[in-house]
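Data first, discussion second: the structure below is written as structure tokens.
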Amino acid sequence: MGGDGEDSAGFGAAFARGGVIELPGMAALWDALPQARMVGGAVRDMLAGRRVADVDFAVPLSPEEVMARVREAGLKAVPTGLAHGTVTVVAGGRGFEVTSLRRDVLTDGRHAVVAFTDDWELDASRRDFTINAMSATREGVVFDYFGGREDLAAGRVRFVGEAGRRIAEDYLRILRFFRFFARYGRGAPDAGAVAAIVTLRAGVGSLSAERVWSEVKQILLAEDPRAVVALMRATGVLEMVLPQADEARLAGMVARGGPLDALLRVAALLRGDAGAFARRWRLSGAEQARLEALVVPNGLAPDAADAALRRALAETPAEILIGRSWLGQDERPGWDALRARLAALARPVFPLQGRDVVALGVPPGPDVGEVLEEVRRWWLAGGCVGDARACLERARIGLE
């Protein structure tokens, strides 16, 4: 690697291992902006032999120049973030973010005021980690100013420059460190990064709930999050996000082959009020409802009869019951078979409606609901096998 960070060796080999860099529209974008380079995650994942689904670009031009050149080439340019130099270029039916090279003028731990530059190394120096600070030309030349390639190969997640300074620029980088360590890290974490996180962890409290939850989800979507969760606990960050987290339950679920499901893993870690957690971190309504359903204690044993499974399915979707089974699994055999049975059974549907009861002569009103509820209890007790005719007969008997 030369003094300017240029390093073309191995680029093609990494692409051959699975990097997807020729996405539809990229050629047209590069024709319009030949100075552009791929940056960030696309270069990192290509070199790591991982599939690249999205590509971002940087360019030593102002946003206005970018839009003018793109439109001159017959492509669509959308000014999606001009204050930070970002233009979305639509080519080949997809959007590519193209950002002007920048330098920080002012940072406050959450936001940055930037100025544009034509200095690639200066732009790279403001990125968070060395593995995210590389760029690559159309010809496959990689520019790596801070040793990101070596760090990627060694499984090191290392801040660009002094860790404390980079964290103070944006406290979200604390959580981003854990996310990238979970995916790319091997062995002991970078000591300088860990020390800075311990010192500055209170900054996580200044972040918006949405940003924190977004990162926590990504952390827990790692193939095996056990080591990174332990590291979050050791640095004091886990307690800020999930107080008194049940790491042992998460570890057991992962060890047993539990699904890669962020909300299910939160449910495994969570002690206390799921609703309070959801409100604190502003989960979506659907996320909150699912989390609250998952933490209800599992009521099904591995040897539960089919009638018990049908009763449970009549009340609760199979996906929730299966999630609860992962959370409540103990040393008894048969849990995988239970989950397979739950997935295979059709969800029973109570066959009566209010109009059926009215047709029996019950006036519309509260009495209809009472009849339906009594018949439904009978239907559930019988294993949810009674059809509409049987349920109607039960209603008639109850009305006599």
- Message: Looking at Phe277 and the list (1) buried (at least 20 other Cβ atoms within 10 Å of the Cβ); (2) in contact with a helix residue (DSSP H, G or I) (Cβ under 7 Å, 6 or more places away or on another chain); (3) farther than 19 Å from Ala182 by Cβ, which single condition is not satisfied?
- Response: (2)
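In this structure, does Asp123 turn out to be part of a loop (DSSP other than H, G, I, E, B), at pLDDT 90 or above and either assigned by TED's automatic domain parsing to the domain that holds Phe143 or in contact with a Cys (Cβ under 6 Å, 6 or more places away or on another chain) (or both)?
Numbers: part of a loop (DSSP other than H, G, I, E, B): no; at pLDDT 90 or above: yes; either assigned by TED's automatic domain parsing to the domain that holds Phe143 or in contact with a Cys (Cβ under 6 Å, 6 or more places away or on another chain) (or both): yes.
Spelling it out, it is not the case that Asp123 is part of a loop (DSSP other than H, G, I, E, B), at pLDDT 90 or above and either assigned by TED's automatic domain parsing to the domain that holds Phe143 or in contact with a Cys (Cβ under 6 Å, 6 or more places away or on another chain) (or both).
Pick from Ser284, Ser325: which is under 32 Å from the mean Cα position of the chain (by Cα), under 21 Å from Leu263 (Cβ atoms), surrounded by 15 or more Cβ atoms within 10 Å (Cβ to Cβ) and of a type in the set (Ser, Thr, Tyr)? Working first, answer last.
Values: Ser284 fails: surrounded by 15 or more Cβ atoms within 10 Å (Cβ to Cβ).
When all the criteria are applied, what remains is Ser325.
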- Task: Could you tell me which residue of the range 53-79 is nearest to the chain's Cα centre (by Cα), considering only residues that are crowded, with 20+ Cβ neighbours inside 10 Å and assigned to a loop (DSSP other than H, G, I, E, B)?
- Result: Val55
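What about Val89, is it buried (at least 21 other Cβ atoms within 10 Å of the Cβ), part of a strand (DSSP E or B) and in contact (Cβ under 8 Å) with a residue 40 or more places away in the chain? Give the steps one after another, and end with the answer.
Numbers: buried (at least 21 other Cβ atoms within 10 Å of the Cβ): yes; part of a strand (DSSP E or B): yes; in contact (Cβ under 8 Å) with a residue 40 or more places away in the chain: yes.
When the stated conditions are applied, Val89 passes them.
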- Query: How about the range 175-254: which helices (runs of 4 or more DSSP H) wholly inside it have at least 2 residues that are at pLDDT 95 or above and more than 22 Å from Glu287 (Cα to Cα)?
  - Reply: 191-200, 226-235
- Task: Return yes when Gly257 is modelled with pLDDT under 95, loosely packed, with under 13 Cβ neighbours inside 10 Å, closer than 17 Å to Leu327 by Cα and of a type outside the set (Asp, Glu) and no when it is not.
- Result: no
- Tell me, please, whether a residue that is under 12 Å from Ile174 (Cα atoms) and either surrounded by fewer than 17 Cβ atoms within 10 Å (Cβ to Cβ) or aromatic (Phe, Trp, Tyr) (or both) can be found in the range 215-235. no
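Would you call Ala267 of a type in the set (Gly, Ala, Ser) and either touching a residue at least 40 places away in the same chain (Cβ under 8 Å) or in contact with a Leu (Cβ under 8 Å, 6 or more places away or on another chain) (or both)? If you could, list the steps in order and put the result at the bottom.
Numbers: of a type in the set (Gly, Ala, Ser): yes; either touching a residue at least 40 places away in the same chain (Cβ under 8 Å) or in contact with a Leu (Cβ under 8 Å, 6 or more places away or on another chain) (or both): yes.
Considered against the rule, which asks whether it is of a type in the set (Gly, Ala, Ser) and either touching a residue at least 40 places away in the same chain (Cβ under 8 Å) or in contact with a Leu (Cβ under 8 Å, 6 or more places away or on another chain) (or both), Ala267 comes out as yes.
The values are calculated or read from the model by the stated rules, or taken from the named source; none is laboratory data. As the structure is a computational prediction, the values presented were derived from the model and not from experiment. We place every Cβ from the backbone using ideal geometry, glycine too, and count neighbours over all the protein chains shown.
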